[in-house]
Amino acid sequence: MDDKKQIYVTNQTEKLKSGTIDRRQFVTGLLAAGFVLPSALTMADQAYAMTPKKGGTYRLGSGHGSTTDSLDPGTIENDFSAGTVFNYGNFLTEVDASGKLRPELAESYDSTDAKTWVFKLRKGVEFHNGKTMDADDVIASLNHHRGEASKSAAKGILSGVTDIRKDGDDVVFELDAPNADFPFLISDYHLVIMPGKDGKIDPLSGIGTGGYVLNKFEPGVRAEFTRNPNYWKENAAFFDEVQLLSIVDITARQTALINGDVDAIGRVDPKTVALLARNPNINILEKSGTAHYTFPMRLDVEPFGNYDLRMALKHAIKRQELVDKILLGHGALGNDVPVSPSMPFFAELPQREFDPEKAAEHYKKSGHSGTIQLSASDAAFAGAVDAAQLIAASAKEAGIDIEVVREPSDGYWSNVWNKKGWCACYWSGRPTIDWMYASAYVDSTEWNDTAWKTTDAAKKFNMLTKAAKGELDETKRAEMYKETQMLLADDGGAIIPLFNNYINGLSKKLSTGENVAANWDLDGGRSAERWWFNS
């Protein structure tokens, strides 16, 4: 096909997708352009399949959820509650399906020094209660996560913000230091924009500007939505209704997909990917990105404040065995830093290997004796308990006795993670190093699940992180971020042996569009907004 014909087909395809022409006109146009009928019909079928269609009830089975979940955006801690906010809300910026950052409720954003950021807001955007969004709503929404009394998980993300004010219809952020990544940070899923009143929001209202209106929310059970008839985005939110269902048990979740009780599920067990792929009604959608499985050790819980004990455990793990047996090839080795090769400023550090002699040496130096408990539940990730048992087996070769504690799935994220000394965990990752650090590693975040704050290395890490995000010289910035990764790998409390792929199971009735995001599970958490039924 020559260039002119290709351009013509592209233009006609866009017209078909936008509804400007119908399928018959598309075929007629191609015939007039010199295409033969079979080719024209094939291209029409392909174009039509990529044309979003409205209607239907989309049922999504989430691998997470707890009866302790809350609508308060500051407390979101799993994919079920995050999925809820993605459906009813929008943010100042968003990572699109191709992985690029773009304005969302902001029309544009700009800075001359990376320290003062001006966000120009979209006009005429309405909340579900009919209120028109303005700068006061944005300021109230973001201030909900700030201040000494805030317990928000996004407090660390906004810790560098010294002031938020309005300038006419614009919102201005003043930072304590330059941060070139700030527009990325502001897209964090906790920072949904909600209607404000007298400088505050009602965090439990579930009212946003998103493509769907929240009608029902049962923590750890289900959330139900209907399409927002006044949604400001064009060609988005195609379903009439959305049901977000918490199905933590992996077997139950996959059975629901096989039986047609749900249309899509996240976090397919790698062990059953091949089996599901053979089902004629199911497509497997797999994406690699920044997601990783971790085993955080809290330094404020004994015996994990001991450096040599942490090093002993880091050397006592057969990482390749975990990749082979837990991920079955659907992922890659981790090296105790939450930075993947796909991220800017990734540093090539020597890969930590299983070394029973070195593990035993550090364990002897630690002075510890007796059993070390490792809490795990498959609520953390599919195969988490098996992974913990493999860790216990390899540690035994170094003379370290680990007791795997099977924890209940319900309440795992409230009662175990970020509380008990050592447990299984997952992180979806973040597109930038600074965002990942701000979410889980800087000393000001509520989600510092290793409590790595007071050691000399941790203090140096925090100093370098603050300096690096404001450094405009890319070479110097890379050097700083390399040192932060070295500090984390050596002194930090996180054992990160695995980077996992996102594996989703979809009914073949679903269409996803040309690109699917890899920054969160299920198209960046926005499958309800971006996908549609093809028939």
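The values are calculated or read from the model by the stated rules, or taken from the named source; none is laboratory data. As the structure is a prediction and not an experimental result, all values here were calculated from the model. No Cβ is skipped: glycine too gets one built from the backbone with ideal geometry, and neighbour counts run over all protein chains shown.
Right, Ile139: within 26 Å of Asn179 (Cβ to Cβ) and under 15 Å from the mean Cα position of the chain (by Cα) or not? So Ile139 fails the test. Among Glu514, Glu529, Glu483, which is the only one that is more than 27 Å from Tyr412 (Cβ to Cβ) and in the same structural domain as Glu353 (by TED's automatic domain parsing)? Only one candidate passes the filter, namely Glu483.
Hand me the list of helices (runs of 4 or more DSSP H) wholly inside the stretch 244-320 holding 3 or more residues that are touching a residue at least 12 places away in the same chain (Cβ under 8 Å) and touching a helix residue (DSSP H, G or I) at 6+ places or on another chain (Cβ under 7 Å). So that I can check it myself, show each step before the final result.
Values: elements: 250-258, 273-277, 307-315.
Result: 307-315.
Please find, among Ser375, Ser369, Ser394, Ser409, the residue that is under 20 Å from Ala440 (Cβ atoms) and either surrounded by fewer than 16 Cβ atoms within 10 Å (Cβ to Cβ) or not assigned by TED's automatic domain parsing to the domain that holds Gly220 (or both). Please lay out each step first, then the result.
Values: Ser369 fails: under 20 Å from Ala440 (Cβ atoms); Ser394 fails: under 20 Å from Ala440 (Cβ atoms); Ser409 fails: under 20 Å from Ala440 (Cβ atoms).
Unique residue meeting the criteria: Ser375.
Filter the stretch 123-138 down to residues that are of a type outside the set (Phe, Trp, Tyr) and buried (at least 18 other Cβ atoms within 10 Å of the Cβ) and give me whichever is nearest to Tyr88 (Cα to Cα).
Among them, the one singled out is His128.
Quick grid of which residues meet (1) of a type outside the set (Lys, Arg); (2) within 22 Å of the chain's Cα centre (by Cα); (3) closer than 15 Å to Gly83 by Cβ:
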{"position": "Ile157", "(1), (2), (3)": "yes, yes, no"}
{"position": "Asp163", "(1), (2), (3)": "yes, no, no"}
{"position": "Gly211", "(1), (2), (3)": "yes, yes, yes"}
{"position": "Gly220", "(1), (2), (3)": "yes, yes, yes"}
{"position": "Ala223", "(1), (2), (3)": "yes, yes, yes"}
{"position": "Ile258", "(1), (2), (3)": "yes, no, no"}
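Quick grid of which residues meet (1) farther than 30 Å from Ala458 by Cβ; (2) crowded, with 20+ Cβ neighbours inside 10 Å; (3) in the same structural domain as Asn335 (by TED's automatic domain parsing):
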residue: Leu257; (1), (2), (3): yes, yes, no
residue: Asp263; (1), (2), (3): yes, yes, no
residue: Arg267; (1), (2), (3): yes, yes, no
residue: Val273; (1), (2), (3): yes, no, no
residue: Asn279; (1), (2), (3): yes, no, no
residue: Asp300; (1), (2), (3): no, no, yes
residue: Asn306; (1), (2), (3): no, no, yes
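This table checks each residue for (1) among the aromatic types (Phe, Trp, Tyr); (2) surrounded by 19 or more Cβ atoms within 10 Å (Cβ to Cβ); (3) in contact (Cβ under 8 Å) with a residue 24 or more places away in the chain.
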position: Asp434; (1), (2), (3): no, yes, yes
position: Tyr437; (1), (2), (3): yes, yes, yes
position: Asn448; (1), (2), (3): no, yes, yes
position: Thr454; (1), (2), (3): no, no, yes
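Residues in the stretch 494-524 that are crowded, with 23+ Cβ neighbours inside 10 Å, under 18 Å from Asp96 (Cα atoms) and among the small types (Gly, Ala, Ser): Ala517, Ala518, Gly524.
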